[in-house]
Amino acid sequence: MSGHRRVNRDAGPPAATRPKPGPPTQPLRQIPAAEAEAAASSSEPGQLRAPRRRRRRRGRGGSRLPERAIVFVGPMAAGKTSLGKRVARELGIEFVDTDAVFVRKHGVIAEFFERHGEAEFRRLEAEVIAEELAVPGPRIVALGGGAVIAEQTRRLLREHPVVLLMTTQEAVLRTANIARRPLLRDDPEAWGRILEERRGFYEEVADVTYRTDRATKEQLARRVAQWARGYERQRRRADGARRHRDAAHEPSEGE
Ligand SMILES: Nc1ncnc2c1ncn2[C@@H]1O[C@H](COP(=O)(O)OP(=O)(O)OP(=O)(O)O)[C@@H](O)[C@H]1O
Ligand SMILES: O=C(O)C1=C[C@@H](O)[C@@H](O)[C@H](O)C1
Ligand SMILES: [Mg+2]
């Protein structure tokens, strides 16, 4: 939901209006350094008051989670599933992987590709995603790497906070299980080409981008969880500012 494109954590959560406008206005930036992490979790005796103050602010609803899915998108093997699970655990909410839902409903993806082809896979994948995004309440939903190809899915994502995970081909070839990924099995180097074909779609739907090759899963999980906690507050602020701007520009009587 929101009218923001890719945003860096350091810059704070994005402004929010809907629908999300076209291309991104900010370059992909690196996730912030680990020191902030350490500072945020510091629990030295003299600092006991700060967490208490923070809890009270949360109690007033300052960090309510969105009442809809927070969606992870990104290229193959960027870490959507593994990081999505961790963030869900961190936030104490449900995690759903639409690839896994697809497998439960239609069988193993690699075999499905061979038997029915990619077009049929995309059709059913979009169907599975639409069903999952329609479920209300805060959840983390990780999509398959190519899900953003479907226009229907991109349209639905306008109504959701969307986290884009990015990485490099080198990192993927080092860490990912290529055999499980039909589009990479015979040609692992295809990763970069496929990313370039889809880059515009990822950027169109994303509210924030994290690099998964530059930080540990633990650091990233905390960062993304923190972003998710602040999302609603930022969105309300951005909406308020937009309404204020719009009112200021309304012609007064007689104009
Ligand atoms: N910082 C990191 N964050 C997330 N995953 C990482 C990180 N570093 C390495 N990995 C590894 O990257 C691999 C790919 O992760 P995962 O399967 O979650 O990707 P995916 O984006 O869900 O892929 P797909 O598009 O195929 O569903 C895993 O082996 C994971 O452990
Ligand atoms: O990037 C892709 O096109 C894919 C990624 C995986 O998550 C699966 O959805 C499937 O292997 C296709
Ligand atoms: Mg996955």
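None of the figures in this text is laboratory data; all of them are computed from the coordinates on show. Since this is a predicted model, take the numbers as computed values, not measurements. Using ideal geometry, Cβ is built from the backbone for each residue, glycine included, and neighbour counts are taken over all protein chains shown.
Quick notes on this structure:
- Radius of gyration and Dmax over the Cα atoms of region 116-213, both given in Å: 14.0, 40
- Full-stretch length increase - residue 186, residue 103 - with 0.36 nm per residue and alpha-carbon distance subtracted: 27.8 nm
- Nonlocal amide H pairs with residue 94, under 5 Å, H built at 1.01 Å: 140
- Under the Karplus curve 6.51 cos²θ - 1.76 cosθ + 1.60, θ = phi - 60°, whole-Hz ³J(HN,Hα) for region 184-191, x wherever Gly or Pro sits: 10, 3, 8, 8, x, 5, 5, 3
- Applying 1/(1 + (r/R0)^6) with R0 = 51 Å to the Cβ-Cβ distance of residue 214 and residue 113 gives a FRET efficiency near 0.95.
- According to the Kirkwood relation over distinct C-alpha pairs, the hydrodynamic radius of region 62-166 is 13.9 Å.
- Cubic angstrom per residue, convex hull over Cα atoms of region 193-233: 71 Å³
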